[in-house]
Amino acid sequence: MVTSGGTPAGIGIAEVLADAGITHVFGVPGGYTIKVFDGLRTVADRVRSVRAAHEHQASVMAEMYGRLTGLPGVFSGQGPFVASSGGFGLMEGHASGTPMVAITDTTDHGIPQHAPTQSTTGDHGSVDVPRILSAMTKYVGVATTPNEAVHAVELAVHHATSGRPGPAAVVLRLDAIFRRTDESRHPRLYGRPRVGSAAPPRPDASAVQALADVLATARRPVIVAGNGVHQARAYKQLAALARRAATPVVTTAKARGAIADDHPWAGGPLSPFGWQGAFELLARADAVVVLGSRLNPHDTLVESPTWLDADHRRLIQVDIEATNLGVSFPVELGICADLGALLDELVPAVGVDEDLAVDRWSDLAEIKASRDEPAVLHQSARPVPPQRVVQVVNEVWPPEGRITLDAGNNRIFAFHHLNIRTPGRLHLPGGQLGMGWGPPAALAAAMVHPGERVLSISGDGGFLMSLHNLATAVEHDLQVTFLVLNNRLLGNVYDFQGPDRRSAVDIGDHDFAAVARSFGLDAHRVDDDGALAEALAESSAADGPTLIEVVTDPDQSSDLVRVRDSRSP
């Protein structure tokens, strides 16, 4: 609350975050943000301050927090490092629609025109942090007074969660954080959230009926589920719609895991390393209903007409952001609405003739029956094929277990071969696909869900960028298992190079298990699938962080799971 004497700006910021329901703030105190963390001490019973080992880690943990909770994931640190290292998580959040708030500073010392050391105001001789942040956020507030600082955080929380979610940022000048608020000055501070509660945008009734009619009458409709399903946490509604509408569901890359793979109407994931059958369903469809996706070219093989011919398909698109409607393909009907609200109305409105439902089921069954399961999934070999590693995870890791993926071939094989049995438990970088995202994301998941064990799957290249996460895992005694696939190679890069152009992809044979033990983790290095299964089973019941390093076959190319476009050689 604002008192007659005013409130220190750091405390005012902390109260805004606490009143918004935010439970964690990640970061590396530095510059003027030391005062932010000082303020957080006053709300320590509601908000946990988590010192990160690096701004990269803090930004990813905040991004994962935003995905898991729907609240802004907050991280804080000094300007130059939030805008550079912290940009990793911000860019992912910007592309993936994750609510985030970055709180940083300009370290201007009250004389920004003279560009003091570490100053980031954009004046002559200094880096322009507000301008950098504006390229990867929905909103940037530059605060010059304490009132502006507190209000800017209020607005950042609001922007981050309004419409299509995304990152926002607050940049603090010297006077904004070192002084007290003044109730006699603007902007006025009310001491409560700017919006107490917000009703989600609901669809027009006629649009819902039109969509229900398409699903009821099309001969071979397909639902494309996008990341909006994750954002709306609409897993049960999506599963119910698929059954009631007797319509196959395929997912975009970012929506992998939005529907269980063993759901009878699940058609598999799109993307270059998805399932061939998912694209066959698209190719046969006479109506495509897109839920919470703008149809990224990554998901349609660069808008290949082989699989999605907009000139010969009825396209209906639902998105919370009106500007996403019709962006990639022209649509017959565009519906701007909260996906959860729409599904709540659509599911009971759909009805399908029994004979038509049987025809659709037969078509889906035919496509599913054509999917081959490669023998390598079940073959023992040294070194272990990455496909076999994924199958061991399928066999050992609990069906409800939470998993984070990273980038590279380790991600590609996991994306393709994982058997997702519980919706909403697989998390992967889908906006920028940066190496080093998976391990810190797993840390955040373990903090948000302290009763769950989280499995982080990454390669040796990505994990080299993430060694500092071992320290954080031990410091907070987090229930995380790091599974590192070590093939001594940047495998995905090498796949593009080929043996005649091999350059800058080889990695030394580092002993990650030994490194992990030096941090205090229980760690094992294995080179066969039996030992892997045993170590993975033990880790699932362990108390505290563990690491399993598995030596994998470098000759397994991602081309083995690449979807073949008819236009490709």
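Take the conditions open to solvent by less than 20 Å² (accessible area, probe 1.4 Å) and more than 30 Å from residue 308 (Cα to Cα) and apply them to residue 218. Does it pass?
Criteria not met by residue 218.
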(request) Filter the helices (runs of 4 or more DSSP H) completely within segment 396-501 down to those with at least 3 residues that are over 22 Å from residue 524 (Cα atoms) and either touching a Cys at 6+ places or on another chain (Cβ under 7 Å) or of a type outside the set (Ser, Thr, Tyr) (or both). (result) 409-417, 438-448, 491-497
(request) Give segment 459-482 a look and list any residue that's surrounded by 24 or more Cβ atoms within 10 Å (Cβ to Cβ) and within 14 Å of residue 516 (Cβ to Cβ), or say none. (result) 460, 463, 466, 469, 470, 472, 473, 480, 481, 482
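Among the candidates 365, 341, 381, single out the residue that is more than 24 Å from the chain's Cα centre (by Cα), surrounded by fewer than 21 Cβ atoms within 10 Å (Cβ to Cβ), small (Gly, Ala, Ser) and in a helix (DSSP H, G or I).
On the way: 341 fails: more than 24 Å from the chain's Cα centre (by Cα); 381 fails: in a helix (DSSP H, G or I).
From the options 365, 341, 381, the qualifying one is 365.
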(request) Write out, first by first residue and then by second, each pair whose Cβ atoms fall under 9 Å of each other, whose residues are 6+ apart or on separate chains, and whose first residue, in segment 533-546, is at pLDDT below 95 while the second is open to solvent by 20 Å² or more (accessible area, probe 1.4 Å) and part of a helix (DSSP H, G or I). (result) 540/396
(request) Just give me the residues in segment 16-63 being in a helix (DSSP H, G or I) and open to solvent by 50 Å² or more (accessible area, probe 1.4 Å), in sequence order. (result) 19, 34, 35, 38, 41, 42
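Just to check your reading of the model, which residue among 332, 400 is within 25 Å of the chain's Cα centre (by Cα) and open to solvent by 80 Å² or more (accessible area, probe 1.4 Å)?
400
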(request) Select from segment 243-262 the residues that are touching a Gly at 6+ places or on another chain (Cβ under 9 Å), under 19 Å from residue 348 (Cβ atoms) and without any contact (Cβ under 8 Å) to a residue 40 or more places away in the chain and list them in ascending order. (result) 249
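Here is a list: 382, 425, 453. Which entry is charged (D, E, K, R), more than 30 Å from residue 24 (Cβ to Cβ) and in contact with a strand residue (DSSP E or B) (Cβ under 8 Å, 6 or more places away or on another chain)?
Among 382, 425, 453, only 382 is charged (D, E, K, R), more than 30 Å from residue 24 (Cβ to Cβ) and in contact with a strand residue (DSSP E or B) (Cβ under 8 Å, 6 or more places away or on another chain).
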(message) So, residue 346, is that one open to solvent by less than 20 Å² (accessible area, probe 1.4 Å), over 30 Å from residue 483 (Cα atoms), over 28 Å from the mean Cα position of the chain (by Cα) and hydrophobic (A, V, I, L, M, F, W, C) or not?
(response) no
(message) Can you pull out every residue in segment 84-118 that is open to solvent by 10 Å² or more (accessible area, probe 1.4 Å), assigned to a helix (DSSP H, G or I) and under 18 Å from residue 440 (Cβ atoms)?
(response) 88, 91, 94, 95
(request) Name the residue, out of 366, 332, that is of a type outside the set (Ser, Thr, Tyr) and in contact with a Leu (Cβ under 7 Å, 6 or more places away or on another chain). (result) 332
(request) Taking the options 156, 169, 176, 207, name whichever one is surrounded by 17 or more Cβ atoms within 10 Å (Cβ to Cβ), farther than 22 Å from residue 323 by Cβ and touching a strand residue (DSSP E or B) at 6+ places or on another chain (Cβ under 7 Å). (result) 176
(message) Looking only at residues that are over 32 Å from the mean Cα position of the chain (by Cα) and charged (D, E, K, R) in segment 180-204, which one is surrounded by the fewest Cβ atoms within 10 Å (Cβ to Cβ)?
(response) 188
(request) Quickly run through segment 238-259 and pick out the residues that are open to solvent by 30 Å² or more (accessible area, probe 1.4 Å) and under 25 Å from residue 95 (Cα atoms). (result) 254
(request) Starting from residues that are in contact with a Lys or Arg (Cβ under 8 Å, 6 or more places away or on another chain) and of a type in the set (Gly, Ala, Ser), keep the ones in segment 275-287 and report whichever is farthest from residue 557 (Cα to Cα). (result) 287
(request) For segment 502-533, name all the residues that are in a helix (DSSP H, G or I), surrounded by 14 or more Cβ atoms within 10 Å (Cβ to Cβ) and not aromatic (Phe, Trp, Tyr). (result) 513, 515, 516, 517, 529, 531, 532, 533
(request) Might you let me know whether segment 211-219 holds any residue that is in contact with a Phe, Trp or Tyr (Cβ under 8 Å, 6 or more places away or on another chain) and over 25 Å from residue 69 (Cβ atoms)? (result) no
(request) Considering only residues that are touching a Lys or Arg at 6+ places or on another chain (Cβ under 8 Å) and open to solvent by 20 Å² or more (accessible area, probe 1.4 Å), look in segment 297-320 and name the one that is farthest from residue 366 (Cα to Cα). (result) 320
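Could you say whether any residue in segment 132-144 is open to solvent by less than 20 Å² (accessible area, probe 1.4 Å), in contact with a helix residue (DSSP H, G or I) (Cβ under 9 Å, 6 or more places away or on another chain) and part of a helix (DSSP H, G or I)?
Yes, segment 132-144 has at least one match.
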(message) All but one of (1) touching a residue at least 60 places away in the same chain (Cβ under 8 Å); (2) open to solvent by less than 20 Å² (accessible area, probe 1.4 Å); (3) of a type outside the set (Lys, Arg) hold for residue 456; state the number of the condition that does not hold.
(response) (1)
(request) State all residues of segment 260-272 that are hydrophobic (A, V, I, L, M, F, W, C) and crowded, with 23+ Cβ neighbours inside 10 Å; if no residue qualifies, say none. (result) 266, 270
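The values are calculated or read from the model by the stated rules, or taken from the named source; none is laboratory data. Just so it is clear, the model here is predicted, and its values are computed rather than measured. Using ideal geometry, Cβ is built from the backbone for each residue, glycine included, and neighbour counts are taken over all protein chains shown. We work out accessible area using only protein heavy atoms, side chains counted, and drop any ligands, DNA or RNA first. Shrake-Rupley method; radii C 1.70, N 1.55, O 1.52, S 1.80 Å.
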